[in-house]
1. Here is a list: Arg167, Arg204, Arg161, Arg174. Which entry is at pLDDT below 70 and over 28 Å from Leu104 (Cβ atoms)?
2. Filter the stretch 118-139 for residues that are within 18 Å of Cys52 (Cβ to Cβ) and open to solvent by 40 Å² or more (accessible area, probe 1.4 Å); which is modelled with the lowest pLDDT?
3. I'd like to check something: does the stretch 143-152 contain any residue that is within 13 Å of the chain's Cα centre (by Cα), surrounded by 15 or more Cβ atoms within 10 Å (Cβ to Cβ) and over 24 Å from Phe100 (Cα atoms)?
4. List the pairs whose first member sits in the stretch 75-91 and is in contact (Cβ under 8 Å) with a residue 12 or more places away in the chain, whose second member is polar (S, T, N, Q) and in a helix (DSSP H, G or I), and whose Cβ atoms are under 6 Å apart, counting only residues at least 6 apart or on separate chains?
5. Out of (1) within 24 Å of Ile128 (Cβ to Cβ); (2) in a helix (DSSP H, G or I); (3) open to solvent by less than 40 Å² (accessible area, probe 1.4 Å), the odd one out for Pro76 is which?
6. Which pairs turn up if I take residues in the stretch 122-138 that are of a type in the set (Asp, Glu) and look for partners that are open to solvent by 40 Å² or more (accessible area, probe 1.4 Å) with beta carbon separation below 7 Å, at least 6 apart in sequence or on another chain?
7. Taking the stretch 153-186 as the region of interest, how many residues are small (Gly, Ala, Ser) and either assigned to a helix (DSSP H, G or I) or open to solvent by 60 Å² or more (accessible area, probe 1.4 Å) (or both)?
8. Quick one: is Pro91 assigned to a helix (DSSP H, G or I) and either open to solvent by less than 60 Å² (accessible area, probe 1.4 Å) or under 23 Å from Pro131 (Cα atoms) (or both)?
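The values are calculated or read from the model by the stated rules, or taken from the named source; none is laboratory data. Predicted model, so just to flag it, every value in this text is computed and none were measured. Cβ coordinates were reconstructed from backbone atoms using ideal geometry, including for glycine residues, and neighbour counts include every protein chain displayed. The accessibility values were calculated without ligands, DNA or RNA, using every heavy atom of the protein model including side chains. Shrake-Rupley method; radii C 1.70, N 1.55, O 1.52, S 1.80 Å.
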Amino acid sequence: MARKIIRRFMPDPAFVRNHPSLQWLGKPLHDPNLWHLNRHSVAKAFFVGIFCAMLPIPFQMVVAAMFAMFFHSNLPLSVALVWITNPVTMPVIFYSAYRFGAWLLDFPRTKFKIELSWEWVTQGLIPIWEPLLTGSLIFGLVGGLVSYWTILLLWRLHVIRAWQIRRQKRIKRRLQQHYLETGVKKPFVPATRDAVIAVPSNNRGGDTGNDPAS
């Protein structure tokens, strides 16, 4: 199921609960509703995680945890997804956001170095905060919304596919049971979804050669 796939990439719940930067959240951190895996909690977690990952601020995990509690999204997944912006990807993502914001606001572009620290936020961010924040918010909103609807769609498709596989297995078991009981090699299988296999009572010895559909 989709839950098994998601669990492969989720961080250990104990690691999230005991993370030093999240301890100040207290009892709400242990709310069981924040740890459930379902279609909506996972989709909202992707929105929260990707949106917070695009914010050019330190302590993104804390912000993601607070948003997860507010939106009732899956907390460990929300926190884990902020690591989309890491020391390797952060310069590229934030510089692209700055360039987009500068283009959108017709802001003169300048060279700068990104560091997620309070010193950089209070000093280095001042000359570029407007285009960087504008571009980051748009990147976060667009990326979050796209991921939200994508997860909902993929989850639904996965559930439909799983239902189809179970239905095929159920039909196969019914056919095998029918073969064992009647010895009919080519039973008539109706096209309707919930119809029961029907075989003429005088055809228990084998196939007559007639096409049932004719």
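1. Working: Arg167 fails: at pLDDT below 70; Arg161 fails: at pLDDT below 70; Arg174 fails: at pLDDT below 70.
Exactly one residue qualifies, and that residue is Arg204.
2. Trp118
3. Initially, the stretch 143-152 is screened for residues within 13 Å of the chain's Cα centre (by Cα), giving 143-152.
From what's left, surrounded by 15 or more Cβ atoms within 10 Å (Cβ to Cβ): 143-144, 147-148, 151-152.
After this cut, where a residue has to be over 24 Å from Phe100 (Cα atoms) as well, the list is 151-152.
There is at least one residue in the stretch 143-152 that is within 13 Å of the chain's Cα centre (by Cα), surrounded by 15 or more Cβ atoms within 10 Å (Cβ to Cβ) and over 24 Å from Phe100 (Cα atoms).
4. Going by the 6 Å Cβ cut-off, the qualifying pairs are Val82/Gln60.
5. Going through (1) within 24 Å of Ile128 (Cβ to Cβ); (2) in a helix (DSSP H, G or I); (3) open to solvent by less than 40 Å² (accessible area, probe 1.4 Å) one by one, Pro76 breaks only (1).
6. Final answer for the pair search is Glu130/Leu105; Glu130/Phe107.
7. So the first thing to find is which residues in the stretch 153-186 are small (Gly, Ala, Ser), and the list is 162, 183.
From what is left, the residues that are either assigned to a helix (DSSP H, G or I) or open to solvent by 60 Å² or more (accessible area, probe 1.4 Å) (or both) are 162.
Number of matching residues: 1.
8. Working: assigned to a helix (DSSP H, G or I): yes; either open to solvent by less than 60 Å² (accessible area, probe 1.4 Å) or under 23 Å from Pro131 (Cα atoms) (or both): yes.
Spelling it out, Pro91 is indeed assigned to a helix (DSSP H, G or I) and either open to solvent by less than 60 Å² (accessible area, probe 1.4 Å) or under 23 Å from Pro131 (Cα atoms) (or both).
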